[in-house]
1. Pick out, in residue order, every one of the trypsin sites (Lys or Arg not before Pro) in segment 172-260 that is DSSP loop and has at most 15 other C-beta atoms within 10 Å; say none if there are none.
2. For segment 81-158, what is the relative contact order in percent, using Cα pairs closer than 8 Å and at least 6 residues apart in sequence?
3. Taking Cα pairs under 8 Å and at least six residues apart, what relative contact order does segment 53-201 come out at, in percent?
4. What figure in square angstrom, to the nearest 10, would you give for the accessible area of ILE178 with a 1.4 Å probe?
5. Looking at segment 49-152, which GluC sites (Glu not before Pro) are in a loop (DSSP not H, G, I, E or B) and have at most 13 other Cβ atoms within 10 Å?
6. Shape of segment 124-268 from its Cα gyration tensor (a ≥ b ≥ c, root eigenvalues): rounded if a/c is under 1.5, otherwise prolate when a/b > b/c, or oblate?
7. Quote the charge dipole size of segment 115-161 about the Cα centre in Debye, to the nearest 20; the model charges only the Cβ of Lys and Arg (+1) and of Asp and Glu (-1).
8. If each of GLU284 and ASP195 carries a label point 7 Å out from its Cα toward its Cβ, how far apart are those two points in nm?
Amino acid sequence: MGRETFWAEDPADLLRVGEGFRLAEVDTNGHPGFDGAKDDGAAALAEGAAVLNGLQEQLYANNVVTGDPRRVLLVLQAMDSAGKGGIVNHVMGAVDPQGVHLAAFKKPTPEELEHDFLWRIHKQVPSAGKIGVFDRSHYEDVLIARVRSLAPAEEIERRYGAINDFEAELAATGTSIIKVMLHISKDEQKARLGDRLARADKHWKFNPGDIDERERWGEYQQAYQLVFERTSTSEAPWYVVPADRKWYARLAVQHLLIDALESMALEWPKADFDVAEQQRRLAES
């Protein structure tokens, strides 16, 4: 059975944020479009890994040989413990590291705070031929900044427009943008944070501040809703992926990446030398 066997519907259509979208109506434990169970999801993910790896190599090869300017940018946003690291490890870990650019955005440094909020983001945009992954992103500046009142209301409003302009420019210059919010429930997050506290090998992943942020859960949900309403565009749509089931979230994001790369109709670059002649020379060497 192929990797598409258990997809009853294209998840891109089901997960894409459209007109009238309401985050509160999304089932965080759902698996939209996928009819299989966890074991089926694992098998599909393994098969998809080979497909994604081949497509990424084609993207990279076309840039090396022909200067193809196209690239992919995967933006990952979520509440803490929703599985961004798992996406990086289990989805992006299947492709050649030299074709991937990972940027994890933490609290801005003093130097970064001296510039516009997009200054540090511009520096991490993937180069042509690569898949870029933003573990958190410029959206922190309209999410936590809104919830924690880290910027004036009028500045937050300005940032929505600046983000749309920034992403439109990226799209116009060959970047396929996939913006994913991994949507976890408050109860599932509590269980995952509890697991981190219960295991010594997970203590390094726990941040006491995560509990503080839980107290503002509702405010974050409202902030995300505003983000979707203001910044889900045709050039850079948002996808909300249910994340209570880690296996489904990983499979769905992998599917979105494969879709984006397949839509490029990539081919292997043609050799700029006489293959038969080089085969003869090699045989005689």
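1. The qualifying sites are ARG199, ARG216.
2. 32
3. 39
4. Near enough 10 Å² of accessible area.
5. GLU114
6. oblate
7. Computed about the Cα centre, the dipole is about 200 debye.
8. 6.3
The values are calculated or read from the model by the stated rules, or taken from the named source; none is laboratory data. Remember, predicted model here, so these are calculated numbers, not experimental data. FYI the Cβ positions are ideal-geometry reconstructions off the backbone, even for glycines, and counts take in every protein chain you see. Accessible surface areas use protein heavy atoms only, side chains included; no ligands, DNA or RNA. Shrake-Rupley method; radii C 1.70, N 1.55, O 1.52, S 1.80 Å.
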